[in-house]
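See below for the structure under consideration.
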Amino acid sequence: MLTKRVIPCLDVKDNRVVKGVSFVNLRDAGDPVELGAQYSRAGADELVFLDITATIRSRKTIVELVERVAENVFIPFTVGGGIRTAGEVDLLLRSGAEKVSVNTAAVQNPRLITKAAERFGNQCVVLAIDARRCEKDESRWQVCIKSGSEPTDLDAVEWAARAEKLGAGEILLTSMDADGTKAGYDVELTAAVADAVNIPVIASGGAGSLDSMVHVLKEGKADAVLAASIFHYGEYTIKDVKDYLAENHIPVRR
Amino acid sequence: MILVIDYNVGNVKSVCNALAHIGCETELSSEPERIKEADGIILPGVAAFGYAMSQLGPIARLIKEAVVAGKVLLGICVGHQLLFEQSCEHGQHEGLGLIGGNVRPIPSGLRVPHMGWNLVKFPAEMKLFEGLGDKEFFYFAHSYYAKPDDSRVQVAYTDYGFRLPATVQKGNIYGVQFHPEKSGEAGLNVLRNFERICRKAG
């Protein structure tokens, strides 16, 4: 049976991980490569690196980072943040990333998804969606772009379904309402998107308790959970999460 | 020396990185002379079947001749699918035809791609998995799969709502649908075993 994935997310700026990291025995807590390797040893199923500066200048450093991670970490990893063209996707895949996530640029130019998928296949194109509950209609979620700063008219569930048709192989779904709150993933949003698509959905935003992970994987029908601070600050290890999921009859790789 | 076939598809670099990590002497090339010299060949591949076959071009015949003459070959992901007779991914395409059977879509009703870590149970006699126990998790990412139809093939399966063939062996020909280069320590051990098999053969 396919296992549910547990994915730490590393925010990267100028080749350094910027959120706090509390691994013991780490020579350099800010080095994305060393951290990635540490998470891999700890049993992470996959890694996500997000370039949070995403400027043209930082693009060069992210390519170098991808090359270094690929030389040292032998589990799959996704890279994202400010990727605008199929050429950039191509370059990052060639540099050793398994998957590339696109967000704002895909909203502005949905053809980007198709162009990127045509070359190396759907499985390497991740559509990242930042969604928040609509104020006017609480049964819906709207897509926000530019790191969540700009709301659009797109409905998150409809956008996910359309992206699948365009060639996306996976949805990385972040609830902006939940993000950073540690109040738990948005189970309702995740389930709505997971029901609307046939591709895997990674739940993100709001990871706090182990129970919230169980809920979003069960009731939310997510295929994977992504978390940042609970891992970086050492509240839970990957092993803690997987043991708890297994106790709750969720298949995990251990 | 293990030769990784260089033919303009994804994951070539990841395979080379993993081989370098385990200290394996590796070359990335598609030169006929290098194919002859190699102790074993790896055919990687992250791409659509038809595209991968067209990128192989005349190298396909060289690989086939070398393998029929006894050269050890490992196909990974689409490289594994290319070992079979044909695929219906975006039209009908001929494969290398080294193993009987064809490539078909994962049945409807299941999430596609089949993406993530799944458990593969090995029959005891499969050499690629020597020392790995009787089962292990590997990383998969694919929408099509190869179904062998060849009495001389050993197959190990994974469970994805149906019995999905995860790896095959037919004499000197090995194929893995999963990505050993991205399956952590278990995957590196598969590559170590492959190197050992090549050294013995070479």
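The values are calculated or read from the model by the stated rules, or taken from the named source; none is laboratory data. Just so it is clear, the model here is predicted, and its values are computed rather than measured. In this analysis, Cβ positions are derived from the backbone assuming ideal geometry, glycine residues included, and neighbour counts consider all displayed protein chains.
Structure above, values below:
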read-out: Count - residues of region A:94-104 that are under 16 Å from the mean Cα position of the chain (by Cα) and either closer than 23 Å to A:VAL69 by Cβ or within 14 Å of chain B (Cβ to nearest Cβ) (or both); value: 7
read-out: Residues of region B:108-151 that turn out to be of a type outside the set (S, T, N, Q), within 14 Å of B:PHE162 (Cβ to Cβ) and free of Cβ contacts under 8 Å to residues at least 12 places away in the same chain, as a count; value: 1
read-out: Among residues of region A:56-89, those that are within 19 Å of the chain's Cα centre (by Cα) and either under 20 Å from B:MET115 (Cα atoms) or among the acidic types (Asp, Glu) (or both), counted; value: 11
read-out: Selection count where residues are small (Gly, Ala, Ser) and not in a loop (DSSP other than H, G, I, E, B), scope region A:159-203; value: 9
read-out: Residue count, region B:22-35 (criterion: touching a helix residue (DSSP H, G or I) at 6+ places or on another chain (Cβ under 7 Å) and either within 14 Å of another protein chain (Cβ to nearest Cβ) or surrounded by fewer than 19 Cβ atoms within 10 Å (Cβ to Cβ) (or both)); value: 6
read-out: The one condition in (1) within 14 Å of another protein chain (Cβ to nearest Cβ); (2) closer than 22 Å to B:GLN177 by Cβ; (3) assigned to a strand (DSSP E or B) that B:ASN102 fails to fulfil; value: (1)
read-out: Selection count where residues are farther than 21 Å from B:GLY95 by Cα and either hydroxyl-bearing (Ser, Thr, Tyr) or touching an Asp or Glu at 6+ places or on another chain (Cβ under 8 Å) (or both), scope region B:138-158; value: 3
read-out: Helices (runs of 4 or more DSSP H) enclosed by region A:1-101 - at least 3 residues per element that are closer than 15 Å to A:THR237 by Cα and either out of contact with any helix residue (DSSP H, G or I) (no Cβ under 6 Å at 6 or more places or on another chain) or modelled with pLDDT under 90 (or both); value: A:32-42
read-out: Count of residues meeting criterion [out of contact with any Leu (no Cβ under 7 Å at 6 or more places or on another chain) and without any contact (Cβ under 8 Å) to a residue 24 or more places away in the chain] in region A:85-110; value: 3
read-out: Residue that is within 14 Å of chain A (Cβ to nearest Cβ), of a type in the set (S, T, N, Q) and within 22 Å of B:LYS170 (Cα to Cα), where the choices are B:GLN81, B:GLN55, B:GLN86; value: B:GLN81
read-out: Of all residues in region A:162-183 being surrounded by fewer than 19 Cβ atoms within 10 Å (Cβ to Cβ) and small (Gly, Ala, Ser), the one that is nearest to A:SER212 (Cα to Cα); value: A:ALA183
read-out: Residue that is touching a Lys or Arg at 6+ places or on another chain (Cβ under 9 Å) and either closer than 27 Å to A:VAL100 by Cα or within 14 Å of chain A (Cβ to nearest Cβ) (or both), where the choices are B:GLY40, B:GLY10; value: B:GLY10
read-out: Elements of type helices (runs of 4 or more DSSP H) in region B:1-58, at least 2 residues being touching a residue at least 40 places away in the same chain (Cβ under 8 Å) and in contact with a strand residue (DSSP E or B) (Cβ under 9 Å, 6 or more places away or on another chain); value: B:12-21, B:49-56
read-out: Qualifying residues in region B:69-120 (those that are crowded, with 17+ Cβ neighbours inside 10 Å, of a type in the set (D, E, K, R) and in contact with a strand residue (DSSP E or B) (Cβ under 8 Å, 6 or more places away or on another chain)) - the one farthest from B:TYR145 (Cα to Cα); value: B:LYS71
read-out: Within region A:206-231, considering residues that are at pLDDT 95 or above and part of a loop (DSSP other than H, G, I, E, B), the one surrounded by the fewest Cβ atoms within 10 Å (Cβ to Cβ); value: A:GLU219
read-out: Test: residue in region A:63-76 that is within 14 Å of chain B (Cβ to nearest Cβ), touching a residue at least 24 places away in the same chain (Cβ under 8 Å) and within 17 Å of A:GLY121 (Cα to Cα); value: yes
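One line per residue, one yes/no per condition, for (1) within 13 Å of another protein chain (Cβ to nearest Cβ); (2) β-branched (Val, Ile, Thr); (3) within 17 Å of the chain's Cα centre (by Cα):
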residue: A:VAL125; (1), (2), (3): yes, yes, yes
residue: A:LEU154; (1), (2), (3): no, no, no
residue: A:GLU188; (1), (2), (3): no, no, no
residue: A:SER204; (1), (2), (3): no, no, yes
residue: A:GLY208; (1), (2), (3): no, no, yes
residue: A:VAL214; (1), (2), (3): no, yes, no
